[in-house]
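Written out below as structure tokens is the structure these notes cover.
The values are calculated or read from the model by the stated rules, or taken from the named source; none is laboratory data. The structure displayed is predicted, hence computed values, not measured ones. Backbone-built Cβ (ideal geometry, glycine too); neighbour counts: all protein chains shown. Each accessible area value is taken on the protein alone, full model and side chains, heavy atoms only, with ligands, DNA and RNA left out. Shrake-Rupley method; radii C 1.70, N 1.55, O 1.52, S 1.80 Å.
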Amino acid sequence: MALNSQLINDFIAAQIAEWPMAAGNFAALADVKVKEFVVDGMPIKVQFNPARMVSSAAKVDAASLKARKCFLCSENRPDVQRGIEWGRYTVLINPFPIFPRHLTIPTGHTDQLISGRIAEMIQLASELDEYTVFYNGPRCGASAPDHMHFQAGNSDFLTISDALENADLQVLAEEDGNTLSWAKGLPLNVFVIDATNPQKGEELFDKLYKAMPIPEGEKEPMMNLLCYATPAGVRLVVIPRKKHRPSFYGTEGDECMLISPASVDMGGVFITPRPQDFERIDADIIKRIFQELCLSDEETEQIASKIG
């Protein structure tokens, strides 16, 4: 069935009304602490959200995944968790929210891999015009790398969309008015696909996908994706990665911080589930995270040079 933002807003409200645990977590968002910085011209927010401990501390090694029941499979979801079917996906509320309106959108139990799904992602973002649809690669923040899923949250939450309005977009390829660009001027290197046609947008993404390196042991290039409606169509933001977690990730030692950046963090809102990390994080630490996890100018140039 076709979706629209009002249908989903009503669905979220209904689920919150009948699911006490989710209702408590959504209500708690009103009291989360937030602080703000500017990093190389990009506004950044930091949220102290203890409910996200389950995601930030998730063990995603093969043995841990095999040992636990998949929480995205229908047979393992709580009875109270209902869904809306959309093609081969099911729209669910996320009971551990970051956004005031937060969705998880799984398909069948297959590996978290994006190839062949971009047109669907663009179409979904077009229908849910108040939401940003996002994808975390299997080692780029996904807490269920064994089960393919998107997430979505209200688009006015992240800061990267406004930052991109002031970025220098270097067009690398074009397909019938749909463009693939390298966005310059942000504290992290990103590629941007502006699409009016989902299939053409996927063709441009495939060019980028083939130009990106695949790290040893991985099945696809490391990346986070953010996709949202614009007045001209849909914008897909591709954030290449080279590392799963920062060098200081962990819980032991004074220098360790429990920060596992995913699409939301890369989109300008960093999530800290521990109070000591919320107090300690600052603009310099955020800049260091971008430098460790994202591609340098030289590495991004190597990808751009392969696109023609």
FRET efficiency, 1/(1 + (r/R0)^6) with R0 25 Å, evaluated for ASP31 and GLN276 via beta carbons:
0.85
Accessible carbon and sulfur surface of the stretch 115-228 relative to its total accessible area, %, 1.4 Å
41 percent
For every helix of n ≥ 4 consecutive DSSP H residues, a contribution of -39,500 (n - 2.57) applies; sum these over the chain, divide by its total residues, and give [θ] at 222 nm rounded to the nearest 500 deg cm²/dmol.
-8000 deg cm²/dmol
LYS219: which aspartates and glutamates have alpha carbons under 18 Å from its alpha carbon, excluding same-chain residues fewer than 8 sequence positions away?
ASP61, ASP111, ASP146, ASP206
Of LYS184/LYS210; LYS69/LYS242; LYS184/LYS242; LYS210/LYS287; LYS33/LYS242, which sit over 24 Å apart, Cα to Cα?
LYS69/LYS242; LYS210/LYS287; LYS33/LYS242
Relative contact order, percent, of the stretch 100-152 when contacts are C-alpha pairs under 8 Å separated by at least 6 residues?
56 percent
Indicate, rounded to the nearest 5 percent, the antiparallel portion of the DSSP beta bridges found entirely in the chain.
90 percent
At 1.4 Å probe size, with every protein chain present, just tell me what the per residue accessible area of the chain comes to in Å².
42 Å²
Relative contact order computed over the chain (Cα-Cα under 8 Å; 6+ residues apart), in percent
21 percent
Going through the stretch 73-182, which trypsin sites (Lys or Arg not before Pro) have at most 15 other Cβ atoms within 10 Å and a DSSP loop state?
ARG88
Rounded, prolate or oblate for the chain? Axes are the square roots of the Cα gyration tensor eigenvalues, ordered a ≥ b ≥ c, and the cut-off for rounded is a/c under 1.5.
rounded
Just to verify a number: what accessible area does GLU255 come out at with the full protein assembly present, 1.4 Å probe, Å² rounded to tens?
130 Å²
Let me have the relative contact order for the stretch 130-205, percent, based on Cα pairs under 8 Å that are six or more residues apart.
20 percent
Give me the distance between the Cα centres of the stretch 139-153 and the stretch 240-258, rounded to whole Å.
19 Å
